[in-house]
Amino acid sequence: MKLSENLHRIGNAVVAAYLVVAPEGVTVVDAGLPAHRRELLAELASLGLGPADVKGVVLTHGDSDHVGFAEWLRREHGVPVHVHAADASRAKGGGKPAGLKQQMRIGAMLGFLSYFVRKGGARTTWLTEVVEVHDGDVLDLPGSPRIICVPGHSEGSVAVHVPLVDAVFVGDALTTRHVLTGVEGPQPAPFTDEPGRALDSLQALVGTGATWVLPGHGAPWGGGVAAAVDAVRAAAAQ
């Protein structure tokens, strides 16, 4: 799905990953679920590109619905996978289980679980090697992505700011569709380790001034990062 000239999304509002397309190649932000590999190949092919054009993957954090096809790209095509040092173990399968006390509606929850299983989420291939990144790093990848630490959802959660596409990729720092309730609009994400800390971390996004706010779950938000952060705070206060 083309969002703008250099920005594409694969997956959907349940689980999404993104492609930054530049003259020097492609940066993939998050890797969705394993079966999203087919969508990645189809999207690349539609651009006249292939896996050899992918220069790097940047993970916003190490949860299973974000590492998807990353190890396949790394192992089969030599693509480096970048993740914050504090989530390196999580991306290798060492993450702690999500909390059980979650708001949910049965229809939305079953829809998420069905999609998760259908797209291979029950057969996660964890990373075996990663390139560790830290707050403020500007990576030598297409679009020159900059790492912004937003701890809370996980200790090593990051956002990825790419000025080339006027976007900040936020992973699960916030969501625009709650996968367990189906409620739409900017709001705190479920399965968050430290909800209060995650909310406080959103302030670090505002300085990007990005138009696009791109979560791992939910529709792309094109109304600007400041408005998105305000909406999440309002939702959290309800």
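Fewest neighbouring Cβ atoms within 10 Å first, the residues 144, 89, 46, 154 line up as 46, 144, 89, 154.
With springs connecting C-alpha atoms under 10 Å apart, model the chain as a Gaussian network and identify which of 226, 31, 88 has the largest mean-square fluctuation. Between 226, 31, 88, it is 226 that shows the largest mean-square fluctuation. In the elastic network of the chain, a GNM with C-alpha springs shorter than 10 Å, the most mobile of 140, 166, 87 is 140.
For region 129-213, the spherically averaged projection of the C-alpha convex hull amounts to 6.2 nm². Alpha-carbon geometry of region 67-180: the Rg and the Dmax are 15.4, 44 Å, given in that order. Summary: within the chain, the longest segment free of GluC sites (Glu not before Pro) located in DSSP loops with at most 14 other C-beta atoms within 10 Å is 130-238.
In the elastic network of the chain, a GNM with C-alpha springs shorter than 10 Å, the most mobile of 11, 50, 107 is 107. Taking the square roots of five times each eigenvalue of the Cα gyration tensor of region 181-223, the equivalent ellipsoid has semi-axes of 18, 16, 7 Å, listed largest first. With coordinates expressed along the principal axes, the C-alpha atoms belonging to the chain extend over 46, 37, 31 Å, beginning with the largest.
When the trypsin sites (Lys or Arg not before Pro) in region 42-107 are filtered for DSSP coil states and for at most 10 other beta-carbon atoms within 10 Å of their beta-carbon, the remaining sites are 101. Using alpha carbons only, the radius of gyration of region 5-122 set against its Kirkwood radius gives Rg/Rh = 0.99.
Computed per residue of the chain from DSSP H runs no shorter than four, each worth -39500 (n - 2.57), the mean residue ellipticity at 222 nm is -7000 deg cm²/dmol. For residue 10, the amide hydrogen comes within under 5 Å of the amide hydrogens of 17, 18, 19, counting only partners 5 or more places away or on other chains and with H modelled in the peptide plane. Annotation: for a label point projected 7 angstrom from Cα along Cα→Cβ of residue 24, residues of region 132-176 with backbone N closer than 17 Å are 137-147, 161-166.
We did not get these values from a lab; they are worked out from the coordinates using the rules stated. Owing to the predicted nature of the structure, the values given are computational and were not obtained by experimental measurement. Ideal geometry is used to build each Cβ from the backbone, glycine not excepted, and the neighbour counts take in all protein chains shown.
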